[in-house]
1. For the range 14-92, what does the alpha-carbon gyration tensor say about shape, rounded, prolate or oblate, given a ≥ b ≥ c as the root eigenvalues, a/c under 1.5 as rounded, and a/b over b/c as prolate?
2. For the chain, what does the helix formula give at 222 nm: sum of -39500 (n - 2.57) over DSSP H segments with n ≥ 4, over the residue count, nearest 500 deg cm²/dmol?
3. Taking the Cα-to-Cβ direction at THR101 and at SER65 and moving 7 Å from each Cα, how far apart do the two end points lie in nm?
4. 5 Å is the cut-off here: which amide hydrogens, built 1.01 Å from N in the peptide plane, fall below it relative to LEU90, excluding neighbours closer than 5 in sequence?
5. Out of residues 5 or more away from ALA108 or on other chains, whose amide H comes under 5 Å of its own, with H placed 1.01 Å from N in the peptide plane?
6. Here are labelled values, (1) 1.05; (2) 1.09; (3) 0.92, and one is the computed Cα Rg over 2.2 N^0.38 Å for what I pasted. Which one?
7. In the range 98-198, what GluC sites (Glu not before Pro) fall in a loop by DSSP, with at most 16 other Cβ atoms inside 10 Å?
8. Considering only the chain, what is the antiparallel percent among its DSSP beta bridges, to the nearest 5?
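The values are calculated or read from the model by the stated rules, or taken from the named source; none is laboratory data. No experiment lies behind these values; they were computed from the predicted model shown. Positions of Cβ are generated from backbone atoms using ideal geometry, with glycine treated the same way; all protein chains shown enter the neighbour counts. Areas reflect the complete protein model, heavy atoms only, side chains present, ligands, DNA and RNA absent. Shrake-Rupley method; radii C 1.70, N 1.55, O 1.52, S 1.80 Å.
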Amino acid sequence: MPTSEKIVRLFPLGGLVFFPNGRLPLRIFEPRYKQMTEDALASDREIVMILPKPGPSTDPVPIHSVGTLGKIHNERRLPNGEFLMELVGLKRVRITKEVDTIKLYRQARVEIVDDAIESGLSARRELQRAEILRHLTAILPDDNEAVDQFLRYLTRHCDAAAFSDVVSYSTPMALERKQAILEEPSVDRRLDMLVATAHEALADLIPETRSPFPPDFSSD
C-alpha cells in the first residue's frame, strides 16, 4: 500500500461537514461507534468523519468520497459506556475502496489529499482573507468573547489553508457548498469559493439562522 494510503474507520454523520483544523465535540452512544471509539483509543486514535449523500435512507448509507481524518482528544468514558470526546481535524482523505470487516463499523482504504497552493499569489490571498473577515464580522454576534477569540485566531494564527478550512467549517452555509469546498485541494480555489459565498449570502443572513458559537455536543 502506498505511504499516502491507509485503512481508516468511517463515521458517516449527517448534517455536518467536518474540516481539517476543525474541532468537533461528540457524544458516542451507538454500539458500532462505541466499538469504533474503543478501537481508535487502543491504537492511533483516528477516525474519518464523512457526509452521507442525500436520498432515501439505506443501510449502508451512501457516502461522499472525500472526508476528514480526525484525532480523538479529551475523551471521557461515562458510567453507561458512552463517550464524550473532541475530534480534531487533521487531513482531507479520499476513499479509494471500502474494505470488508467483521467490525460493527465501516472501514475504507483512503489516500491523503494534500493542500495545493500557487506561488506568487500571497497578496491576492490577503485581500481575499480581508474580504471574508469583513463579512464574518457583519454576521457574527457582537459583544461575544468567543466570537472575538475566533476572529483573533483567524487573523493571527491561521495560514491561508487553515483559514479557508476553519471559515468553511464555522460559517453557516449549505452542506453541498461546504462539501464542495472540502473536496477542493487548491487553497486558492477554496478562497475563491468562500469569497463568492460571502458575496451571495453571508451579508444577508439573519441572526436566527446563525449557528451557535461555540458548537454544542452532537446528538449522534
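1. Oblate.
2. -10500 deg cm²/dmol
3. Here the answer is 2.1 nm between the modelled labels.
4. ASN21, LEU69, GLY70, LYS71
5. Long-range HN contacts for ALA108: VAL8, LEU10, VAL99.
6. Among (1) 1.05; (2) 1.09; (3) 0.92, the one calculated here is (1).
7. Sparse-neighbourhood loop GluC sites (Glu not before Pro): GLU118, GLU183.
8. In the chain, DSSP labels about 90 percent of beta bridges as antiparallel.
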